[in-house]
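Here the structure is laid out as structure tokens; the discussion comes afterwards.
Nothing in this text is a laboratory measurement; each read-out follows from the coordinates by a stated rule. Since this is a predicted model, take the numbers as computed values, not measurements. Because the Cβ atoms are built from the backbone with ideal geometry, glycine has one as well, and the counts that use them run over all protein chains shown.
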């Protein structure tokens, strides 16, 4: 495979000429990617370095996928303006269990090409003396050269010692698995370069560092599970399709290039967006699911109810106060519900309603619609 395929969309490949030298070793390289289990999903943005890992697999190299069950307990400070909240052991263990399933939406599930490791395997065994040895490798002054640390230090905001230890813990992962190449987003560059220093200090040949761009979501911010502007790799097909369709036309080129690794197809932006959403759903769920998700999206766009409308029983009483029903069903406040009714945004079986109190007989069995994409079928049971 040409080296250009391995480095597609790469921002940094360091040191210069390092990857070429590794490829000349004449053996499968050990290509490391670690992901902390800070949330229960891997999203499209995190999938971009996974796609580079898949390219190395396709070229016959070994993917070493590290689930950061232990480093999650410290919390990665990269790009943070404050210390990251620490999850409970139960949350970390639950997230770790589902990560591999999600990563395999992109990676090849072949024992010859995929090695899965949990970094608690070695980090939990480090003694205090081992940690002190690690701490001698990088100075505090160098740590404070990092943009995120420097900004927080100048602002007088706290930086815990555990945060300073994080890059060293991640770097020790590279020692434990004897990585030849480490992948990550551009926000991981400092941590990945620290891995080179630590490997050299432990007498190993330093790894090559390859970074990929951060995917911006529809709000213009970095895609993030904690923010909620993400597209999880194992989200329901309809949700994946709908979230992808939220990106503005100005981001089409970026998403096609980074996610699908293809140029934007010719034609109208809307159809290019539909084709991208179809591609994303197909990768995770298959072509049939993608077709159904597209039809679901188009039905909602036409104001038609989906085929599998959820049902809910009507409350007791007659007549029924529509704003209260909307609030209870869709989570609106009653004032929001009244405003939506006044704007013609509430329909029964496709016909707009303006009344605030409606007879039970008229509501029973009808499809209640709020806005373009909220539907529920009402049944007469109290």
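Which of 297, 330 comes first, and how do the rest follow, when ranked by fewest Cβ neighbours within 10 Å?
330, 297
How big is the gap, in Å, between the Cα center of the range 23-65 and the Cα center of the range 100-165?
That distance is 17 Å.
Provide 169, 143, 53, 1 in ascending order of the number of other Cβ atoms located within 10 Å of each residue's Cβ, fewest first.
Final ranking by Cβ density, sparse to dense: 1, 143, 169, 53.
Picking from 122, 218, 256, which is most flexible by a Gaussian network model of the chain using Cα springs under 10 Å?
Evaluated over the chain, the most mobile residue of the options is 122.
Share of Cα-Cα pairs in the range 200-269 beyond 20 Å, in percent?
Pairs farther apart than 20 Å: 43 percent.
In 5 Å bins starting at zero, report the fraction of Cα pairs in the range 311-379 per bin as a rounded %.
4, 19, 34, 31, 12, 1
Over the range 166-274, what is the relative contact order in percent, taking alpha-carbon pairs closer than 8 angstrom and at least six residues apart?
18
Using a 10 angstrom cutoff on alpha carbons, build the Gaussian network for the chain and name the most mobile of 17, 60, 45.
The residue with the greatest mean-square fluctuation here is 17.
Please pull out the direction-averaged projected area of the chain, using the convex hull of its alpha-carbon atoms, in nm² to one decimal place.
Mean orientational projected area (the chain, Cα hull): 23.3 nm².
Listing 145, 178, 294 from the residue with the fewest other Cβ atoms within 10 Å to the one with the most, what is the order?
Taking fewest neighbouring Cβ atoms as first place, the list is 145, 178, 294.
What residue among 192, 300, 326 shows peak mean-square fluctuation when the chain is described by a Gaussian network model with Cα springs under 10 Å?
Top of the fluctuation ranking is 326.
State, to one decimal in nm, how far the label point of residue 250 lies from the label point of residue 288, with both points 7 Å from Cα in the Cβ direction.
Each label point lies 7 Å from its Cα, and together they span 4.1 nm.
On the Cα set of the range 237-301, report Rg and Dmax in Å, please.
Considering the range 237-301 through its Cα atoms, Rg and Dmax are 10.9, 29 Å.
Quick one: which of 352-362, 261-271, 30-40 comes out on top by average Cβ neighbours within 10 Å, and what's the full order, highest first?
Listed from highest to lowest mean packing, they are 30-40, 352-362, 261-271.
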